[in-house]
Amino acid sequence: MDQLIEKFIKYFESKERSQETKNAYKINLEHFGKYLEDNRLSILNVTKEHIATYISWLQEKVFKNSSINQRITALRNLFSYHEKRGKIANPLIYTSYFKKVKTKVDLTIYDVKKIISFLESDATFNLTTRLISLFMIYFELKGSLICKLQLSDIVEENDSIFVIIQNKKIELAKQSPILSNLFKTYLVYRREIQ
């Protein structure tokens, strides 16, 4: 491995960083050193084109954007360290990080109806999972909000069940008779285990 990479790794290991960060830097820089070796390159003559080729190679190997960003950070620090000491130029000055790609899934009405039908009829899911899933669909609520529901948020009045969510009282039977029945079963279960 290139001496400049080894020198930086030793320097970085002396810094106050978590052992996990130190290990990640070491692995990422050793990986880059191996890449340079395999491509008969020296760190002394690495250009931004070489960095772009390396990043493309990482993408071809199906590295996640977050992993590629970790490697870019390690390389930026490596080149910055040696640039300050007059050893090499920093080819990463204009290299940008990869953004996290958020994927949005669009479901059709048909898809939602199939999911609801499956959740309402399939008894292999436990009761809690079915309730949380149906709540998320019917009320468009985040799972974390649903999981915060307390028994005191569930009110039985005149053979109807109401749930208080974000200061709104919602009658379950109007949303779904099956959801209402599942909730009644759930309430019986919860009261038995308390």
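The values are calculated or read from the model by the stated rules, or taken from the named source; none is laboratory data. What you see is a predicted model, and the numbers here were worked out from it, not measured in a lab. SASA here: full protein model, heavy atoms, side chains in, ligands and nucleic acids out. Shrake-Rupley method; radii C 1.70, N 1.55, O 1.52, S 1.80 Å.
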Taking only the alpha-carbon atoms of the stretch 39-94, the convex hull volume per residue, in cubic angstrom, is 72
In whole Hz, what ³J(HN,Hα) sequence does the stretch 8-24 give by Karplus (6.51, -1.76, 1.60; θ = phi - 60°), x for Gly and Pro?
-> 5, 4, 4, 4, 5, 5, 7, 7, 7, 9, 5, 4, 4, 5, 4, 5, 4
Solvent-accessible area per residue for the stretch 1-52 at a 1.4 Å probe radius, Å²?
-> 66
